[in-house]
Amino acid sequence: MTSPTKIRASIQNGVTEVRVLMQHEMENGRRKDEAGKLIPAWFITEIKAQHNGRIVLEGQFGTSVSKNPYLIFRFRGGSPGDKVTLSWVDNRGDARSDDAVIT
Amino acid sequence: MKGYCLMGASIDLERRKALKAGGGLGLLALLGAIGLVRPEAAWAEWQKSAFDAKTMNEALDALGVTIPEDTAAIQLTAPEVAENGAVVPVTVESSLARTEQISILVDKNPTMLVSSFTYPEGTEGYLSTRIKMAQTATVIALVKANGKFYRVSREVKVTAGGC
């Protein structure tokens, strides 16, 4: 089960600022549980942001990104009411896609 | 400092192997790999070699990647002292024309490469995120603009390492 990504997109002086909070453990595979067993790595590997279907940011994560990854980016060309989509895929193959409207 | 999570025997061994194999190769692979992330790819394949890289340095010369020391055109904002290594806020702002890629690295993390983003035209050369730091280390912002690489680094003191 994956949890929805929180996305807030607002426009100011022609630049849309997008704030994203993804819900993910980002387990690095080096931590041990109480019994001393290694907790397997589990983390987001790829991220893609789109504005009305056009890619505005694309990236990859390693395990050094904090739990519940937080991201701010800015792009030009957005208008109030446009759709911003944030998608991710993790190393287990889970994926999710959420969107928000630019205000 | 919670060092236990980083000092697993396997990690130590891997690191040693990587060092033995020559640190140059790691970064070569790293830069090569992150250079391949194309904005038009549907889902670029996750660059395992880049995120597995354990060491940095020499290879920059070998690669012919020209990295001017600190360029004033890139601003790297990170706390001087981070009390919680699990959540260290980092912001990179590049005023270089046509910023194509921003990567964040931490030289002493078991996984050096934190993240790598590609910027299509129209997206500002800006990135703000939160990273994990195992110990006091140098945070590096590697920026590719107009086909050239630039680097800015900043030391962050970590009082409690996070993983």
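Just so you know, in the stretch B:108-137 the residues that are part of a loop (DSSP other than H, G, I, E, B) and small (Gly, Ala, Ser) include one that is farthest from A:Lys48 (Cα to Cα), and it is B:Ala134. Scanning for something aliphatic (A, V, I, L, M), under 11 Å from the mean Cα position of the chain (by Cα) and over 15 Å from A:Arg96 (Cα atoms), does the stretch A:51-63 turn up at least one residue? Taking every residue of the stretch A:51-63 in turn, at least one turns out to be aliphatic (A, V, I, L, M), under 11 Å from the mean Cα position of the chain (by Cα) and over 15 Å from A:Arg96 (Cα atoms). Residues of the stretch A:32-47 that are buried (at least 17 other Cβ atoms within 10 Å of the Cβ) and within 9 Å of another protein chain (Cβ to nearest Cβ): A:Thr45, A:Glu46, A:Ile47.
If we keep just the residues of the stretch A:70-79 that are at pLDDT 95 or above and facing chain B (nearest Cβ under 7 Å), which is farthest from A:Lys6 (Cα to Cα)? Looking at the filtered set, the residue picked out is A:Arg76. Screening B:Thr91 on (1) within 9 Å of chain A (Cβ to nearest Cβ); (2) in a loop (DSSP other than H, G, I, E, B); (3) of a type outside the set (A, V, I, L, M); (4) within 13 Å of B:Ser153 (Cα to Cα) shows it passes everything except condition (2). A:Gly36 fulfils the conditions (1) part of a loop (DSSP other than H, G, I, E, B); (2) of a type outside the set (D, E, K, R); (3) touching a residue at least 40 places away in the same chain (Cβ under 8 Å) except for a single criterion, (3). Screening A:His24 against (1) outside any strand (DSSP E or B); (2) over 18 Å from B:Thr111 (Cβ atoms); (3) touching a residue at least 24 places away in the same chain (Cβ under 8 Å) leaves a single unmet condition, (2). The lone criterion from (1) in a loop (DSSP other than H, G, I, E, B); (2) more than 8 Å from chain A (Cβ to nearest Cβ); (3) surrounded by fewer than 24 Cβ atoms within 10 Å (Cβ to Cβ) left unmet by B:Ile140 is number (1). Listed conditions (1) assigned to a strand (DSSP E or B); (2) out of contact with any Ser or Thr (no Cβ under 7 Å at 6 or more places or on another chain); (3) surrounded by fewer than 24 Cβ atoms within 10 Å (Cβ to Cβ) are all met by B:Leu105, apart from (3). Could you please let me know if B:Glu100 is over 20 Å from A:Tyr70 (Cβ atoms) and either outside any strand (DSSP E or B) or without any contact (Cβ under 8 Å) to a residue 60 or more places away in the chain (or both)? Criteria met by B:Glu100.
Checked against (1) within 12 Å of the chain's Cα centre (by Cα); (2) buried (at least 17 other Cβ atoms within 10 Å of the Cβ), A:Ala9 meets all criteria but (1).
Here are A:Asp98, A:Asp82: which of them is acidic (Asp, Glu), more than 11 Å from every other protein chain (Cβ to nearest Cβ) and within 13 Å of the chain's Cα centre (by Cα)? Of the residues listed, the single one that is acidic (Asp, Glu), more than 11 Å from every other protein chain (Cβ to nearest Cβ) and within 13 Å of the chain's Cα centre (by Cα) is A:Asp98. In the set (1) in contact (Cβ under 8 Å) with a residue 12 or more places away in the chain; (2) over 14 Å from B:Gly122 (Cα atoms), A:Gly14 fails one condition alone, (2).
Among the criteria (1) in contact with a Lys or Arg (Cβ under 6 Å, 6 or more places away or on another chain); (2) within 11 Å of chain B (Cβ to nearest Cβ), the one A:Thr2 does not fulfil is (2).
Check the stretch A:48-63 and report whether any residue there is touching a residue at least 40 places away in the same chain (Cβ under 8 Å), surrounded by fewer than 17 Cβ atoms within 10 Å (Cβ to Cβ) and either assigned to a loop (DSSP other than H, G, I, E, B) or more than 12 Å from chain B (Cβ to nearest Cβ) (or both). For the stretch A:48-63, residues touching a residue at least 40 places away in the same chain (Cβ under 8 Å), surrounded by fewer than 17 Cβ atoms within 10 Å (Cβ to Cβ) and either assigned to a loop (DSSP other than H, G, I, E, B) or more than 12 Å from chain B (Cβ to nearest Cβ) (or both): absent. For the residues B:Gly122, B:Gly161, B:Gly147, the requirement of being within 12 Å of chain A (Cβ to nearest Cβ) and in contact (Cβ under 8 Å) with a residue 24 or more places away in the chain singles out B:Gly161.
The values are calculated or read from the model by the stated rules, or taken from the named source; none is laboratory data. These figures come from a predicted structure and were not determined experimentally. Every residue, glycine among them, receives a Cβ derived from its backbone with ideal geometry; neighbour counts consider all protein chains shown.
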